[in-house]
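Novice: Please find one structure pasted underneath; my questions will follow.
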Amino acid sequence: MLINILNPKLTLFFFAFLPQFVDPGETGALPRMLLLGGVFMAVTFVVFAAYGVLAASVRSHVVSRPRVMAWLRRSFAGSFVARGRRSRPSRRGRARGRSGVARGRRPRCGNPELCGW
């Protein structure tokens, strides 16, 4: 429940989506909004609890099998390596001469007089 209260996206959702279900001229608009917010939080709790129960049941099947654990470790390691390779600095920035232009390439200028090539 604390996660739902401190989540700014949830607050924006309440202020943007829920008011369309409450008549502003109604005398009990605030209690109705609180009721709708409470219903939303209760449904969210039920869904998260179901996720937890499902994850706990799957965990026992996964942890008890060494081959599955080895496969999971390898796949996570591979994904970390792939992400590391993708986030490394590019080589383009290092192979530049004094002019700032990559060696062996012409600048992307259409006018040779202005670009100096």
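The values are calculated or read from the model by the stated rules, or taken from the named source; none is laboratory data. Model, not experiment: these values are computed from the prediction. Please note: Cβ atoms are built from the backbone with ideal geometry, for glycine as well, and neighbour counts cover all protein chains shown.
Novice: Restricting attention to the stretch 61-82, report how many residues are surrounded by fewer than 10 Cβ atoms within 10 Å (Cβ to Cβ) and assigned to a helix (DSSP H, G or I).
Specialist: Final tally of qualifying residues: 3.
Novice: Looking at the stretch 2-23, is at least one residue at pLDDT 85 or above and under 21 Å from the mean Cα position of the chain (by Cα)?
Specialist: No; the residues of the stretch 2-23 include none that is at pLDDT 85 or above and under 21 Å from the mean Cα position of the chain (by Cα).
Novice: Sort out which residues of the stretch 1-57 are surrounded by 13 or more Cβ atoms within 10 Å (Cβ to Cβ) and of a type in the set (Val, Ile, Thr), and write them in order of number.
Specialist: Thr11, Val22, Thr44
Novice: Return the pairs, sorted by first residue and then second, in which the second residue is in a helix (DSSP H, G or I) and surrounded by 13 or more Cβ atoms within 10 Å (Cβ to Cβ), the first residue lies in the stretch 26-53 and is in contact (Cβ under 8 Å) with a residue 40 or more places away in the chain, the beta carbons are less than 6 Å apart, and the residues are 6+ apart or on different chains.
Specialist: Correct list of pairs: Met41/Asn4.
Novice: Say whether the condition of being modelled with pLDDT under 90 and not in a loop (DSSP other than H, G, I, E, B) is met by at least one residue in the stretch 88-95.
Specialist: No, the conditions are met nowhere in the stretch 88-95.
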